[in-house]
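Working notes, beginning with the structure itself.
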Amino acid sequence: MKKFLSQLVDFDMTLYEVHDENHDPVQNITDFWTKYDIKSFREYMLELLTVYNGNPDHAKLLFNTDQMHEFIIALLRMYMAYHMVHNRDLDLAKIDYSILVKSINNQQELAIGKKIFDVFKQFPKTNNK
């Protein structure tokens, strides 16, 4: 229970740290994309979706609870950073996205994603409500 409460505090502090005078949203965005490339981002998100749905296929999970907690906090911190950039009208040009461009994983993921997108855009859109 103590660990869970600590994780809740981490979660809440991530929301409130934007008020710290030393808060640097641009650095938070850079930190996230430095640590998580597109492939790992996708893997974590798929695992979150699997867990959220109760792991119906009893798939072997890739990440332990601590890794998932760290990812969720980093994701929330990045989201809040983008939100603060928007609200404060900050310049995103300061972000060095070259780490994304240099990553072979990112280049491969973007190329594969483009091919998949091109296949799906050939089909008529359906309403899946």
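Quick notes on this one:
- Test set (1) in contact with a Leu (Cβ under 8 Å, 6 or more places away or on another chain); (2) under 28 Å from residue 92 (Cα atoms) - residue 28 fails condition number: (1)
- As a summary of the residue check, residue 55 satisfies the conditions (1) within 24 Å of residue 12 (Cα to Cα); (2) of a type outside the set (Lys, Arg); (3) surrounded by 10 or more Cβ atoms within 10 Å (Cβ to Cβ) except for the one numbered (1).
- Any hit, region 100-117, residues being at pLDDT below 70 and over 18 Å from the mean Cα position of the chain (by Cα): yes
- Just so you know, in region 24-44 the residues that are of a type outside the set (Asp, Glu) and open to solvent by 70 Å² or more (accessible area, probe 1.4 Å) include one that is farthest from residue 83 (Cα to Cα), and it is 39.
- Residue ID - least open to solvent (accessible area, probe 1.4 Å), chosen from residues in region 1-23 that are touching a residue at least 60 places away in the same chain (Cβ under 8 Å) and of a type in the set (S, T, N, Q): 14
The values are calculated or read from the model by the stated rules, or taken from the named source; none is laboratory data. Owing to the predicted nature of the structure, the values given are computational and were not obtained by experimental measurement. All Cβ positions, even for glycine, are placed from backbone atoms using ideal geometry, and neighbour counts span all protein chains on display. Please note that ligands, DNA and RNA were not included when accessible areas were found on the heavy atoms of the full protein model with its side chains. Shrake-Rupley method; radii C 1.70, N 1.55, O 1.52, S 1.80 Å.
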